[in-house]
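One structure is given here, and the rest of the page talks about it.
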Amino acid sequence: AGALQGFQRPQIAGHIREIRDYLEKPNSILPNAIVVAFMGQAWLEPVTNPESRLCQLVIDTSKGPPGWIVDGQQRFTALSELRGRDFEVLVSGFLCETEEELQK
């Protein structure tokens, strides 16, 4: 349990249950971001003009899941099990050119 497979850690049922139980409390917060690595199905587009440094992240989900959760798999699973509650979640993402870059 807890051994790495590639860079995805196996989900530990007890830990996920503890996180879910906490998140079900009325004043719970999730201060840590879930980290997602995108490879090929996400890109940045300028919001205003090409010289601007302001961009938006465009994510194409038409070909299935567009990325890998590299940190926060158990938090993500616990969140997916919540019923009847909206929850704001911070997500950090990065764009990778190759699978080798993704695994660094």
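The values are calculated or read from the model by the stated rules, or taken from the named source; none is laboratory data. The shown structure was predicted, so the numbers you read here are calculated from the model rather than taken from an experiment. FYI the Cβ positions are ideal-geometry reconstructions off the backbone, even for glycines, and counts take in every protein chain you see.
Residues that are among the acidic types (Asp, Glu) and loosely packed, with under 12 Cβ neighbours inside 10 Å do not occur anywhere in the stretch 53-67.
Restricting attention to the stretch 1-48, the residues being modelled with pLDDT under 85, part of a strand (DSSP E or B) and surrounded by fewer than 10 Cβ atoms within 10 Å (Cβ to Cβ) number 1.
Within the stretch 71-93, can you find the residues that are touching a helix residue (DSSP H, G or I) at 6+ places or on another chain (Cβ under 7 Å), over 8 Å from Ile34 (Cβ atoms) and not in a helix (DSSP H, G or I)?
Initially, the stretch 71-93 is screened for residues touching a helix residue (DSSP H, G or I) at 6+ places or on another chain (Cβ under 7 Å), giving 74-75, 77-79, 81-82, 87, 89.
Now restrict to residues that are over 8 Å from Ile34 (Cβ atoms): 74, 77-79, 81-82, 87.
Residues satisfying the conditions are Glu81, Leu82, Phe87.
Residues of the stretch 32-73 that are of a type outside the set (Val, Ile, Thr), closer than 18 Å to Leu90 by Cα and in contact (Cβ under 8 Å) with a residue 24 or more places away in the chain: Asn32, Ala33, Ala37, Phe38, Ala42, Leu57, Pro66, Gly67, Trp68, Asp71, Gly72, Gln73. For the residues Pro65, Pro46, Pro31, Pro50, the requirement of being out of contact with any strand residue (DSSP E or B) (no Cβ under 9 Å at 6 or more places or on another chain), of a type outside the set (Ser, Thr, Tyr) and farther than 28 Å from Arg17 by Cα singles out Pro50. Cβ-Cβ distances below 8 Å connect the following pairs, each with a first residue in the stretch 79-94 that is in contact (Cβ under 8 Å) with a residue 60 or more places away in the chain, a second residue that is surrounded by 11 or more Cβ atoms within 10 Å (Cβ to Cβ) and part of a strand (DSSP E or B), and a separation of six or more residues or different chains: Leu90/Ile34.
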